[in-house]
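Data first, discussion second: the structure below is written as structure tokens.
All of the numbers you see were taken from the coordinates with simple rules; none came from a lab. Keep in mind that what you see is a predicted model, and the values were worked out from it rather than measured. Positions of Cβ are backbone-derived with ideal geometry, glycine not excepted, and every protein chain shown enters the neighbour counts.
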Amino acid sequence: MTELQNIAKKLFDDGSINLLIGYSNNENGGTSAIFIDNSADIDKLIYNENCHQNLMVYFQKPEVKKFGKLAFVVSLPGLKSVLEIASENQIKDGDAYFIAIDKDGNPSLLQDFHQIEDFITNNQTKPPMGLLKLMEKINNMTREERWQYWTDEFSKCIKCYACRSVCPLCYCTQCITDINIPQWISTESSPIGNLDWHIARAMHLAGRCIGCGECMKACPVDIPLALLTANLNKSIAIHFGDEPGMKADYKYPLSHYKLEDKENFIR
Amino acid sequence: MSEFEPKIVAFVCNWCTYAGADLAGTSRIKYAQNVRIVRFPCTGRIDFMLLLKAFEEGADGIIVSGCHPADCHYTSGNYHARRRWMVFKDLLDFIGIDSRRIVFSWVSAAEGAKWAHLVNDTVSEIRNLGPMKEYKNLENVSSNKIGELIND
Amino acid sequence: MNSQNIYLPYKMRIEKITEEAPMVKTFKLAFVNPEDESNFEFKTGQFGEYSVFGAGESTFCIASSPTHKGYIECTFRKAGKVTTALYNCEEGDIIGFRGPYGNNFPLEDWEGKSVLFIAGGIGLPPVRSVIWNCLDLRDKFKDITILYGAKTVQDLVYKNELEEWAKRPDVKLITTVDPGGETPDWKGEVGFVPSILKKASPKGENAVAIVCGPPIMIKLTLPILLEIGFTEESIFTTLENRMKCGIGQCGHCAVGPYYVCKDGPVINYADLQLLPVEY
Amino acid sequence: MNNYKLITKQNLHSFFDALQPKNTIIAPKEINKKYYFKPVDKFEDIALDYIQTVLSAKSVLFPRSDTLFNYHRADGDYNIDEPSPIEKNTIVFGMKPCDASSFVYLSNFFLKDYQDKNIKERLEKLYIISLSCKEADNACFCTSVGSNPASTKGSDLNLTLIENDTYYVEVVTEKGQELINYSADLFQDTKEIDKSKYIANVPQKFDVEQAKQNIDSIFESPLWVKDSLACLGCGICAYACPTCTCFDIQDIGSQFNGSRVRNWDSCAFDLFTKHASGHNPRPVQSQRWRNRIKHKFEYSVENLGLISCVGCGRCIRSCPTSMNIVKTVQIFQGV
């Protein structure tokens, strides 16, 4: 039995949890989420570098919530989303258990937000180089080139909303695209409808996105969606010095203000 | 061909800029007639989606204006708006929409002349930028031509 | 042969608007093109797709009777995007209509029987089409009883027609409002539809019942109908689900293999029990 | 009307060049190591050795957004005009046999009771050249749903790569013959050959008859919930699926002018069944997953006599949470 499985087994044996959400190997040679509701299935629980899905997305799923007390296997991005969700008052300290996987792949059980905060500080990783390079490339383009780049990318969008579904922070019970009085975002997949959707999604995640990159991985047509939120987070860091997913008492930068905020762009 | 006349939509707050624009009117200050004013309770209410809709509906430029800092009727709406615009402007830049097409300003109820200047300046700037062709080139209604049926 | 575009609507002019209850309006619609009118036929229980150009389509039943020619009526409550746009229409406006779709109430099978109509709230419009159809063929049926309930007196729709039916000697009309919904001069019953039904207990032998209303009303009414002698085959209702195409293709209204738009909306209780509970 | 021919890879290029000027050719194209159907005008752009495209070719019949008609307001009345029909024929070049067989389902579905005009017109002008599979992956399961990697069902022409860079061509329909006639001398007559040694081996993962029966009999079961816990309710599976036909009808535009448009929709969305009153007949994801599976293997059989799954495996490959229709069927097989 692996260390991870031991921790999980202990949680079941104590009766601390009713459902554990972790990773297992799937039929197609990849890994996927596994929902374990009794200790008999624990031997299927694994963790390796292929386990990328941000499992915190299940925290808000009604059918998962029904099980009762939950435990999640989470790596760094997952833990950041825990703190971000916590800062938005969607999860309270002690609502769930987190089996954190550190950068060397070792599991440890974290129970309160302080432990998670410390863990994140000690396990910081750099964002993937590919993403940074692409961001730099786009920022170095002329405005016309950038527009061309993004309209080309957005034109591929088929509006399957997988980017929204896999995001642990897209938990609104009614998304702006689902509102039709007025129809903010056109339902068809058209250049304007797609542009509206991606701008709205990015803005609604500005200063909240913890950068797990799941939206980009889920996108069937490979739109580099994470760039939009990453770039927004960059400007938020520059303007306000805030970074989401680091503290449970984080204040959403767009819901408060400072008197001395920059206003040189305002006439 | 006639000269390009920019269409400007102004999103203004009820308490300061709208009153300021009103003052410009009652003071008989002449300013460019390209602007359509939409009145909001507060700049804090002006959602970015509204700005996008204005572009979609054919605006070439947008003015967003409200109370000066510390003057907000609701104490802090303009401070919140200021932050949101800062971030939204950066996003537009990143996507390649010319953020010069959106002009942010504080115009108080006493600043009729400032309002007139703001509109005139904006109109001449947008006139120089030309029509918002980026949005106009995005054909909204899908076409049934085969070949375009495949999303590409 | 040139195939027709099945999504092209008939253009209809709003002839008359009646405000039935808060947020509820009835439109009387006439065909703009005379040839559309002469080609148009429908049966009671069928529905159509009503559309406001720019807002989209919405589904409701044809609330008038096929015996009343030259126009159709629809009654709707302002709820979503399209019904809000419809609600804001004025007399003389042009709207779209396509239909009729779906099956119908098997009126021929009911000849010689008594007919009991039970409706709750905005469930009366589909039933009203059948009521008028039966009243226009009054000789073919035995007793006709109408039991209609709404939350408050204000919420009762077709108030003029309720008065008209009340006056007719060949119709027994019972109206009821929920406790607390009555006004000082309310002369009808006070209570929920199922309990009023139990009190009235019309005979179930050689009779059919048509039930339409909110799901909870239907759920509680059905056992009472069975109790007073109706068989499962003699209880009819009309289903409602989100619909888009009306012709069994878009998939929204599917309840298992059954498409409410194509195989329904009229269904008897015996068949209803065979379907998964997804309506 | 099967007859059999051979064509070399070089001649296939010439054949493409003969077809290209007069037709719109849609073919798989590689973009960032994934494959998509795109309009192509050069033979070199076509990917001939791919396993599966991300999205199916159903959009040549049933596009993501399809204009039903346009309206314009004039003098208080509305003028309605229909989009002009396509002029050129469309050839889908090199789709896999599983995709080709999906067109049998699609044409049955859309032309059954009410004939859909847009789809009928496109179908009349559609030619399908399919390409037998040399390779398959874990997600492929065509053999489990009554097809195989060299099936000619739904195709007009089927190509199978045999020895020496030569393709074995089966002319399946009159339409296929029409295509051959563009440049008949490029082809060489031959006898029927056994394709089985030239095609991918796709192991059978379940018995479809058994699956139909099992899925048919189980509606209420905790397994539906357990099996669908990972499902997050996005629309990829339905959008990637070659046989998913659900759609939504919306008006795009203002009250003065615009279009009524048909968009893809997915039964996985919460909004799919939600009434304006707020009542939702399928309020939770497991019910939506159940509906998808039962529709594929039970409901469409009842309505059309065909299962609506061709075993292309796209839903499995593209699902962000690795939901697996094969696994679900297998679970119910074991009940």
When the convex hull of its Cα atoms is projected in every direction, mean area for chain A (nm²): 16.6
Loop-located GluC sites (Glu not before Pro) in the stretch C:91-137, at most 14 other Cβ atoms within 10 Å (DSSP): C:91, C:111
Nonlocal amide H pairs with residue C:93, under 5 Å, H built at 1.01 Å: C:14
Cα gyration tensor, the protein assembly as shown - rounded (a/c under 1.5), prolate or oblate: rounded
Under 12 Å, Cβ to Cβ, from residue C:125 - net charge with Lys/Arg +1 and Asp/Glu -1: -1
Folded to 0 to 90 degrees: helix B:112-129 orientation relative to chain B principal axis, Cα: 20
Residue range of chain A that is longest and free of GluC sites (Glu not before Pro) which are both DSSP loop and sparsely packed (at most 10 other C-beta within 10 Å): A:50-259
Average partner coverage of D:70-76, which counts Cβ from other chains inside 10 Å: 2
Helix-only [θ]222 nm of chain C, DSSP H runs n ≥ 4, -39500 (n - 2.57) each, per residue, nearest 500: -6000 deg cm²/dmol
Inverse mean reciprocal Cα-Cα distance (Kirkwood Rh) of chain D, Å: 21.4
Residue D:279 paired with residue D:69, simple spin-label distance in nm, labels 7 Å along Cα-to-beta-carbon: 3.2
For the stretch D:142-153, 3J(HN,Hα) per residue [Karplus equation, 6.51 cos²θ - 1.76 cosθ + 1.60, θ = phi - 60°, Hz, x = Gly/Pro]: 4, 5, 7, 10, x, 10, 7, x, 10, 5, 9, 4
Antiparallel content of DSSP bridges confined to chain D, in %, to 5: 75
For residue B:10, residues with placed amide H under 5 Å, excluding near neighbours: B:36, B:37, B:38, B:63
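For a quick protection proxy, order the peptides A:95-101, D:40-46 by their average other-Cβ count within 10 Å, most packed first.
A:95-101, D:40-46
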Cross-link partners of residue B:114 among lysines (Cα-Cα below 18 Å; sequence separation of 8 or more within a chain): B:30
Spatial separation of Cα centroids for the stretch D:15-59 and the stretch D:80-156, in angstrom: 15
Average beta carbon contacts from partner chains per residue of A:26-36, 10 Å cutoff: 5
Cα gyration tensor shape of the stretch B:8-137, rounded if a/c is under 1.5, else prolate or oblate by comparing a/b with b/c: oblate
Whole-Å distance, taken between Cα centres, linking the stretch C:18-87 and the stretch A:167-209: 33
Whole-Hz couplings from phi, Karplus 6.51/-1.76/1.60, listed for the stretch C:250-259; x for Gly and Pro: 6, x, 5, 8, 4, 10, x, x, 8, 9
Amide H partners (placed H, <5 Å) of residue D:127, local residues excluded: D:90, D:91, D:92
Of the chymotrypsin sites (Phe, Trp or Tyr not before Pro) in the stretch D:227-267, those whose Cβ has at most 14 other Cβ within 10 Å and which sit in DSSP loop: D:256
J(HN,Hα) series, the stretch D:308-320, from Karplus relation 6.51 cos²θ - 1.76 cosθ + 1.60, nearest Hz, glycine and proline x: 9, 9, 10, x, 6, x, 4, 4, 6, 5, 8, 5, x
Beta bridges per DSSP with both ends in chain A, % antiparallel, nearest 5: 60
Whole-Å semi-axes of the ellipsoid equivalent to the stretch D:208-333 (Cα gyration tensor, √5λ, descending): 28, 17, 15
Where trypsin sites (Lys or Arg not before Pro) fall in DSSP loop in the stretch D:150-239, at most 16 other Cβ within 10 Å: D:191
Cα centroid separation, the stretch A:1-64 to the stretch B:114-132 (Å): 59
Cα-based Rg / Dmax (Å) for the stretch C:191-252: 14.5, 44
Estimated 222 nm signal from helices in chain A, with DSSP H stretches of n ≥ 4 weighted -39500 (n - 2.57), rounded to 500: -11000 deg cm²/dmol
Sites residue D:121 and residue D:8, calculated FRET efficiency, Cβ-Cβ separation with R0 51 Å, nearest 0.05: 0.90
Neighbourhood charge, 9 Å Cβ-Cβ cut-off, centred on residue C:87 and excluding it, Lys, Arg +1 and Asp, Glu -1: +3
Exercise: per-residue mean of other protein chain Cβ atoms within 10 Å, D:276-282: 6
Exposure proxy ranking, count of Cβ atoms within 10 Å, fewest first, for A:239, D:295: A:239, D:295
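Based on the Cβ-Cβ distance of residue A:2 and residue A:92, what FRET efficiency does E = 1/(1 + (r/R0)^6) give at R0 = 35 Å, to the nearest 0.05?
Given R0 = 35 Å and the Cβ-Cβ separation, E is 0.70.
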Cβ-based net charge around residue C:213, under 15 Å, with every Lys or Arg adding one and every Asp or Glu removing one: +1
Distance violations [Cα-Cα > 18 Å] among A:217/A:247; A:80/A:103; D:226/D:294; C:262/D:112; A:61/A:92: A:217/A:247
Beta bridges per DSSP with both ends in the protein assembly as shown, % antiparallel, nearest 5: 60
